[in-house]
Amino acid sequence: MNRRLGVLISGRGSNLQALIDAIAERRLDASIALVISSRADAAGLERARAAGIEAICVPHRAFATRDDYDRALVKELRARDVGLVCLAGFMRLVGAPLIEAFPNRILNIHPSLLPAFPGLDAQTQAIEHGVKVSGATVHLVTAELDGGPIVVQRAVPVMPGDTAETLAARILEQEHRAYPEAVQMVLDGGWRVEGRRLVPADPPA
Ligand code: GRF
């Protein structure tokens with residue numbers, strides 16, 4: 001599989017950094033061809049540039065519709081021959097133009113054990129629900145929000161005194177392990193999607 005990554009961010013970029021570090025430490029056999037931020041003030045843009053990676057801002061406000069925005073993203077990703085797209089704190093819903101351009105080639109990381117607590121503020125949702133365990137999920141992106149086939153999950157305990165912030169920090173540590181691991185798995189192949197599951201590919205006949 002084409003091992004050139006395109007990473008989409010909107011903010012801090014600590015998961016982007018985890019991918020950069022994993023590549024530098026050769027835990028992840030890939031390269032980052034492009035980082036795109038939906039926001040010009042995303043700290044992740046600086047992290048990318050500091051690592052010598054091309055980083056651009058494509059602001060969604062510049063486009064009339066979500067599909068137009070998605071098409072602009074596809075154009076930038078294709079121009080760099082990206083093979084796998086990694087959403088890393090990208091705060092935009094991705095729609096059909098992007099999903100169809102990269103079928104089963106878009107990953108997202110979410111700070112809960114999906115299918116529990118999709119959407120925004122997953123850590124607050126977990127605390128308010130009173131769950132004793134939460135975690136991080138890396139999944140393939142489909143049209144269903146936070147609903148695609150699960151690639152990697154890592155669990156953490158939820159402690160009695162936790163706030164959304166303390167839980168988020170505990171989960172984030174696991175996100176930084178889970179994302180490079182999941183990217184490596186997807187790039188290495190040997191899997192297929194069956195229903196909503198990622199399963200080992202059939203052995204050659
Ligand atoms: C992470 O918690 C990720 O799971 C969620 O958004 C946050 C992004 O953090 N999708 P960062 O920008 O990677 O530091």
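Taken together, the values in this text are just the output of simple stated rules run on the coordinates, not laboratory data. Computed from a predicted structure; not experimentally measured. With ideal geometry, Cβ positions are generated from the backbone for all residues, glycine too; neighbour counts draw on all protein chains shown.
Sorting the segments 19-32, 94-107 by their mean number of nearby beta carbons within 10 angstrom, highest to lowest, gives 94-107, 19-32. Distance distribution note for the stretch 8-47: the fraction of Cα pairs above 17 angstrom is 28%.
Beta-bridge orientation, the chain: approximately 50 percent antiparallel, per DSSP, counting only bridges with both partners inside.
Once both labels are positioned 7 Å from their Cα atoms along Cα-to-Cβ, the gap between ALA169 and ASP121 label points is 2.1 nm. In percent, rounded to a whole number, the relative contact order of the stretch 1-99 is 40, using alpha-carbon pairs under 8 Å and six or more apart. The alpha carbons of the stretch 119-205 stretch over 54, 24, 18 Å along the principal axes, in descending order. How large is log10 I(q)/I(0) at q = 0.10, 0.11, 0.14, 0.22 Å⁻¹ when the Debye formula is applied to the Cα atoms of the stretch 1-114, each weighted equally and without solvent? Evaluating at q = 0.10, 0.11, 0.14, 0.22 Å⁻¹ gives log10 I(q)/I(0) of -0.26, -0.31, -0.51, -1.32.
Its Cα gyration tensor gives the stretch 57-129 an equivalent ellipsoid, and the semi-axes of that ellipsoid, as √(5λ) in whole Å with the largest first, are 27, 15, 10. Across all Cα pairs in the stretch 47-99, the calculated P(r) in 5 Å bins from zero up to the longest distance comes to 4, 17, 27, 30, 15, 6, 1 percent per bin.
Its Cα gyration tensor gives the stretch 54-187 an equivalent ellipsoid; the semi-axes, largest first and in whole Å, are 29, 16, 13. Say R0 is 30 Å: what FRET efficiency, to the nearest 0.05, do ASP21 and VAL133 get from their beta-carbon distance? Result of the calculation: an efficiency of 0.65. For ALA64 and GLN184, FRET efficiency with R0 = 30 Å and r from the beta-carbon atoms, rounded to 0.05? Calculated value: 0.20.
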